[in-house]
Structure formats: structure tokens, C-alpha cells
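Colleague: Encoded as C-alpha cells, here's the structure I'll be asking about.
The values are calculated or read from the model by the stated rules, or taken from the named source; none is laboratory data. Being a predicted model, the structure only gives us computed values, none of them experimental. Because the Cβ atoms are built from the backbone with ideal geometry, glycine has one as well, and the counts that use them run over all protein chains shown. The area values use the complete protein model at the heavy-atom level, side chains included, leaving out ligands, DNA and RNA. Shrake-Rupley method; radii C 1.70, N 1.55, O 1.52, S 1.80 Å.
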Amino acid sequence: MDNTNNTKNIRSRKRKKSKLKRFIIFALIIFIAVGIGSVAAVTTYAMKSMPEWDPQLLTGDRSTFIYDDKNNIMTTLHAGENRVEVNKNQMAPDLANAVVSIEDKNFYNHYGIDIKGILRALYLDFTSGELTQGASTITQQLARNAFLTLDKKWERKVKEIILAFKLESRYTKDEILTMYLNKIPFGAGAYGVQAAANTYFGKDVSALNLAEASLIAGLPQLPNTYNPFINLEKAKNRQKMVLNSMVENGYITQTEAEDAFNQELIFNTTASSSNSYGYYIDAVIEEAINILAAKNYDNPAETIYRSGFKIYTSMDADLQTLMGNTYSNSANFPNESKNGAQVESAAVVIDHSNGEIKALIGGRQYQQQRGFNRATSAYRQPGSVIKPLTVYSPALEQNIMPYKMYNDSPLSIKVGNTLWKPENYDGSYRGPITMRTAVKYSVNTYAVQLLQDVGVRYSFDYGRKFGLELIDAPSKNDLDLAPLALGGLTHGATPVQMAAAYGAIGNGGTYITPTLINTIVGANGLEIYSRNPTYTKVISEQTAWLMTSMMQSVVESGTGTRAKVSGVETAGKTGTSEEYANSWFCGFTPRYSCAVWMGYDIQQYSMNNVFGGTWPAPIFKTMLQQAHVREGSTTFTKPSNITSVSICSVSGGLPGPNCPPSTIVTEYALESAVPKTVCTLHKLIYICPDSGKLAGPYCPNPEARSSSGLNDPTETCDIHTNSVSYVVRNQIAVCADPRHGDRLYRANIPREGQTGGCPEIKYVIIDSDELLPPYCQLPEHQILPALTQTNPRPGQEIDANETETDEQTLNTNQPADNDNPFPASAEDTDNSEIML
């Protein structure tokens, strides 16, 4: 019985296994059939839209044209323009071996496609749900570059395979490899190995050694990423991969690979484009790459050079040419060097009304196409040019007006466990000063105190709104007093960023993202891209005007007099970072903003007393003088709700009748920020000129003096007493004001150089032994020192560009320029023109 049951169970299990096996085989057949059907469908569809077979496309491409703002051609980009065709036997043997090793090690053994590679890529693409893996052979890459678009689609992949078979059937392996090496991009505008050898090493392709050949062979995969002029570290890592692959494939030994990797590479520094346009064109190409990448173009750098685009830019050709000529003349730069390196510089001019970059230069010499561009890529410490962005503008937004007084004196601030003592660059101090004076002479202690009141986070947020890449991270942090007040940032700022930030102030407080490209049109005439500016309201129109007014003082009579544009209202700020490592002048006119930077490429090097007001400022002037030849308003427009007001600098209220002129500051302010109360701090006291003490009843000539209650004498005159004999006149002058009634008050009569006093007097006779009456105490009858230009009457209108406020006279021994050891004189101004 048991045996019978066991036999039945065994038969049942066998039937189940048989059914499962048949089901798996059936499912597999269905899956393969569906797969074959899908491939057939895609192949059929691809075959219907195959590109025309044109052998000319194996070497030729369509030119891309770049235009200036008047639609004149600036330059032509074409793969063929920087290509020289060479035969395989003209190439260094190591180069062809290196390319085959890293790109297609089975090149000489397949018929156009690598089956194993395709299966591996298909599996990964299928599991990821999208086409991510390449697995393209050299033949496929040639087909793609010559005949197809660069999008990642299954249809393109099928076409690529079909074309690869066609290429293999018509050409030999050496012919295909030669066409490939003459066709593909190697970065920096070089197409083909001959152009690459000349671009990177300044030599013929036949003369390349193993180290040079292996570096060039690694570039085609990602030409922009591995460009050694931009990313040397990544290029070296890629070179190591190439050398290792050559070892694995038996072309070289491990020792040869190590020697080649450790060999110093001497790159070519010969300019391949004009100094005038080169940096601007490079920046246009980089911006175009980013635009196409955002539109999901595959290998946008290659697309730009081969697709026949028309790129319309904002460049002012005349201004750009002037900028190039200016930078080519060594007389416009400090005559110094460190270890053979010269002082470098970069400059940017932006039309701040729309954010268009009108001119840009990234160095004194244009050395390499798409090399290091200091205007867009040199992040340097801004120094004091950061103050209008992170200190003064945020303060104005908090209704802290330009008349705000702080004491310019030594500071000690506890930061963590250390004591920070910020100093003015020259170690001198001015005492109580206004915001305008602090801006005008770049006073550090004022900026630090103001920032403490404004708040670090508030300041930090405004810096970011102005386009600065401020960092708030545990290990690297700009959220602190020192970087925000004095410009010692973690990452720094580029000239483009600074010109755009200052442009926001010149544009009434609206920041516009700076761009170079207005439109890109495809070879078919269809628009690919049209500029759509981004507008951000950072500060109010009133804040922008008040900030502008204070920075006009910098140019008129402060640290930046050499930047003054003739016939055009100019505002700006000087900046010099610690140890003279970086010097800046940033500013604007009613239409354009400009930033000029100077320093060494090696940031640890310091310049010799190069200030923002010395060398950078005249370049700024030259650039914007030329910009305004073409167009642009020459005056700033004052918005509504701005008024001129006189303030008692001690109490912060409107001046009272007893406020001395030396404490009265006349400034511009928001109407809503004008104080509502009158100063009650200052009182009149009478001092005996003989004793210097408070006048007693017997002092014959007491003098009225305004007092705030500080540092006043406390003792009464001990010279003129009852026991002291003195002559009393029989006839005295008394005030005739009817408010005195029957009481007698001696008249206040001004001496030479004084004003005020009793307007109506009369003379009376008194007895010789009668006590003298007191002096008139009516406030409007008091004697005051003569008014001067530096002490205007309360409410008197001023020209903010020429205001010499009272605090400037408190310490006349201080130097006139806190950021410039060479204050401008008439002679300086006449000789500050740029050399062309």
C-alpha cells in the first residue's frame, strides 16, 4: 500500500516539474519573440529615417557664428577651423595605441560593433529604464559624430549600428581609425589629433611622447571635463586610466606607464585668438555650453563647434577692443613680479539696466583658447568693496540713515574665545563720524560697529541677494562679522559677480543675472534659445539712491578720485584685501557698472602697496568713459521721499537752539526717518573767560557756551568776588526786548568773527556800587561762532557729492585717504589717464 502511494506522489511531482518547465520555455519564447519584434520595429522605424550617406560628413562640419550687439560677426567657430588632417603614419604610434586601448580595445577584431559591450549596456539600460550606457565602438563613434545627432535615444543607437556596419564594409580599419582621430573633439576648440597636439603642447602630432599622447587620448570621452587647462587634476586621473589600459593590452610595460605618468607636462601658452575678443568669446562658449546642457543636448561643447548655430551676444566691440588694448599695455599695471609671475587683472562692464555684459577680459594676455578666465572664474577676497552690499545697504534698509554717528576708535570684540581687534588700514582714527565719511574713507571700525547693530544674519542674507556665493557651513562659514564687514570671504567673489552686484545698486535696487548671450539660432533658422532676464528686487529705490550718493563722495573726494568719469556722475568703492593680496575698484554710472580686480594668480602672493584707488580705478574710468560715448544717462535721478535734514549728532534729534554748530550734521535721509523730536540735551551755560569756571554774579564778561552735560566745569569762578575791586562802568548796554519787562539784562554783543546777539539794545546808567545785571538768556539772542561751509544752518540744502561734514574737521591731522596713500591732486588727476 505504501509503495503504491509513493509511486503516485513521484509521478505527480514529475508532472508538475514538466508543466513548470514547459511554462518557462513558453515564457522565454514569448519574451524573445517580443524582444525580437521590438528590435525589428525599432530597426524598421530607424531604417525609414536614416540620414543620407555623405562621405563628406566624415570630415566636414557646419560653422557656428558669434555676433556682437550690432549683429556684426565677432568670430566663427568650426570644427574644421582648428583641424589639420593627417594620415595614421604621421601620428606618433603611442597615440593610436592609447586611443584604441581606452576607447575600443577590440577595435581590430570586430565588424563595427562590440556584441558583449552592447549586451552589457542593454541589460543596464533595461534595468535603469533609460539609455545611459554607451558601449560604442570607435566605428560607432565616428558614425555618430559624422551623421547623427547627439541625443540619447534607442532610435539613434540603432542607426549608429547600421552606419557602423556600412563604414566597416567600405573602409579598412586604419582608414576608420584615421578618420576618427581627425574628426573627434579634444576640447579647447581642438578637433582632431593634430589640432590637439598643437593646442595643448605646441607641437606636431608625430612628435608627441607617451606622456603627451596618453593625456590627449583620454580627452574624447569628456573633452570639457578633462581639459587640462581647466581641470588638470581630472586630466591626470584620466591619463592614468589610459596608461593602465595600455599596460593591460600589452602596448607598454608597467614601468613605462609609471614613468610617463610622472613626467612633467609642458603645456602650450601661445595665444590662439586676439587679446581683445578672446576672453569674451571663451565666456560666450561656456555660457552656450550651459544653455545647451540645460536643454539636454548630449556633449554640448562638441555641438557648438559643429552645428552651424548663430549666437548673438551683448558685446560692445569698440569697448571690448579698448579693454584689450588697455590690458596689452604694461604701463597700466604695477611694475612688479613675484617668482617670475606678474600682477594679473580682470575687468567686466555690464549694462545694469538689463544685465547684459558689454565687455569682459580675464587677464593681461590671452594665452589659450578656453583657458583660465579670471573675469568669470577667479574667486578672490573682495575686501572693502563688500561693505556697500553687506553692511551699508542693509543698514539703510533698516532706516539707519547716512547721518548715523559712530566713534572711529580702537575696537576689541570677543569672537568665541579670542579677542578680535579690527583696525583701519593705516592705524589712524577720526573720532565720531557719519556713515558717509566711513564710506568715503573706507573706515573699518565704523563698518564693524554698524554691522553689529544691523545683525550678521540680516547682512548675510543681503549678500546672497546681491549674487555673492556666501557659505554657511560648519567648517567654512561667512556668517560672521569679519567676512561680512571686511570682505574676508571663504570662497571669494569674481569680477562678474561684483559688477552685477554693484549694478543692482545703480539699477535702483534691482539685481539682474548677468549674461553674455541674447539669442541662439539653429542652422535651420529656428530659435533655440532667447534670453529671459531674471529680476530680483534687493533693496528699495530710496536705499539705492542714498547708497549711490555716499559712493559718489568716494569718487569726488575720497579714496576713489581716479575713477571719476568726466561729465558723468560716478559712484564707486575701493577695496584692498589683507596684505595687499587683492585690489578692487567697483562702481557704476547711471547706465553701466564695472568691476576691476588686480592681484597674483597665486593667492598667497602680496602686491606692493597696490590699492583699489591707485591702479584699478583709472582702468574703471577708461572703460566707462568709452561706454558712455555710445549711450547712457549721465545723471542719477533722486527718487521721492528723500530729503535733506540737519541733525544734532550728539542727541540724534533735530538741532535745538543750544546745539553748537560743530555737532550739527546735514545729510540726505528718508522723509520717514527724519527725527521728530528736537534736541534737549544741549543747554546754555556761562563761563568766565578769566577763570575758565562757571561764571559768578560778579564776572564782568561771562561767555555763553552750549553744553551737553559732559566735561563741563563744576566750580564757580573764584576770581571775581565781592572782595575783588574792579571798575564798574556807569553806562551799560542792555537788551531792549519787551519780553524782559522792567528787569534789566545786559545785551549779548557779538565780537569780531561771531554772530547772533541781541538785535535791539539800549543804554542805561547805573550807580557805581550797584551790582551788574545778568546777561540776556533768550535762546535766539545768544552769541554763536560764525557759520562756515562745514557748519551749515539746520535745514540748509547741501550737495551730497561735495559735503564736507563736521566730523571731518574733528581731527585734521588724519590723512585724507584711508584706502589710498596717494590722495589725488590736480596734478594726479591730469596724469591718471590710461595708457593705450
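Colleague: Just to verify a number: what accessible area does F229 come out at with the full protein assembly present, 1.4 Å probe, Å² rounded to tens?
Modeller: Roll a 1.4 Å probe over it and F229 shows about 50 Å².
Colleague: Per-residue counts of other Cβ atoms within 10 Å, averaged by peptide: what ranking do you get for 193-201, 672-680, 446-454, highest first?
Modeller: Answer by packing, highest mean first, reads 193-201, 446-454, 672-680.
Colleague: Still on this structure: Over segment 137-219, what is the relative contact order in whole percent, taking alpha-carbon pairs under 8 Å and six or more residues apart?
Modeller: Result for segment 137-219 is 22 percent.
Colleague: I've got another one for you. Sort R591, R457, R170, R746 by heavy-atom solvent-accessible area, probe 1.4 angstrom, most to least.
Modeller: Solvent-accessible surface, decreasing: R170, R457, R591, R746.
Colleague: With all pairs of different alpha carbon atoms counted, what Kirkwood hydrodynamic radius in Å does segment 388-499 show?
Modeller: Mean inverse Cα-Cα distance, inverted, gives 14.5 Å.
Colleague: If packing is taken as the mean number of other Cβ atoms within 10 Å per residue, what is the order of 512-524, 592-604, 236-248, highest first? Walk me through the intermediate numbers first.
Modeller: Values: 512-524: 17.8, 592-604: 23.2, 236-248: 19.5.
Sorting 512-524, 592-604, 236-248 by mean packing, highest first, produces 592-604, 236-248, 512-524.
Colleague: Please give the length that would be gained between H740 and V764 if that part of the chain were fully extended, namely 0.36 nm times their separation in residues minus their C-alpha to C-alpha distance (nm, one decimal).
Modeller: Taking 0.36 nm per residue and subtracting the Cα distance, the gain is 7.2 nm.
Colleague: Apply the Karplus parameterisation 6.51 cos²θ - 1.76 cosθ + 1.60, with θ equal to phi minus 60°, to every residue of segment 486-495 and state each ³J(HN,Hα) to the nearest whole Hz, in sequence, with x for glycine and proline.
Modeller: 3J(HN,Hα) across segment 486-495, in whole Hz: 10, x, x, 6, 5, 9, x, 9, 9, x.
Colleague: Where the convex hull is taken over the Cα atoms of segment 277-358, what is its projected area averaged over directions, in nm²?
Modeller: For segment 277-358, the mean projected area of the Cα convex hull comes to 8.0 nm².
Colleague: Right, another one. Can you pull the Kirkwood radius for segment 627-696, inverse mean 1/r over Cα pairs, to one decimal in Å? Don't skip to the answer; put the middle values down first.
Modeller: On the way: mean 1/r = 0.0648 Å⁻¹.
This gives a value of 15.4 Å.
Colleague: Return the distance in nm (one decimal) between the two label points of a simple spin-label model at A293 and I413, each offset 7 Å from Cα along Cα→Cβ.
Modeller: Taking the simple label geometry, A293 and I413 are separated by 3.7 nm.
Colleague: Ok, one more. State which entries of K414/K465; K88/K183; K105/K240; K70/K465; K387/K440 exceed 23 angstrom in Cα-Cα distance in the structure shown.
Modeller: Violating the 23 Å Cα-Cα cut-off are K414/K465; K70/K465.
Colleague: Which order do the peptides 775-783, 347-355 come out in when sorted by mean C-beta neighbours inside 10 angstrom, highest first?
Modeller: 347-355, 775-783
Colleague: At a Förster distance of 45 Å, what's the computed FRET efficiency of A523 paired with E579, Cβ-Cβ distance as r, to 0.05?
Modeller: For A523 and E579, the calculated efficiency is 0.30.
Colleague: Calculate the tail of P(r) for segment 278-324: the fraction of all Cα-Cα distances greater than 15 Å, expressed in %.
Modeller: 49 percent
Colleague: How do D742, D480 stack up against each other in accessible area, from largest to smallest, with a 1.4 angstrom probe?
Modeller: D742, D480
Colleague: Taking θ = phi - 60°, what integer Hz values does the Karplus form 6.51 cos²θ - 1.76 cosθ + 1.60 yield along segment 574-581, in sequence order, with x for Gly and Pro?
Modeller: Computed from phi, the couplings for segment 574-581 are 8, x, 9, 7, 4, 6, 6, 6 Hz.
Colleague: Could you give the spread of the C-alpha atoms of segment 316-413 along their three principal axes, from largest to smallest, in whole angstroms?
Modeller: 49, 40, 24
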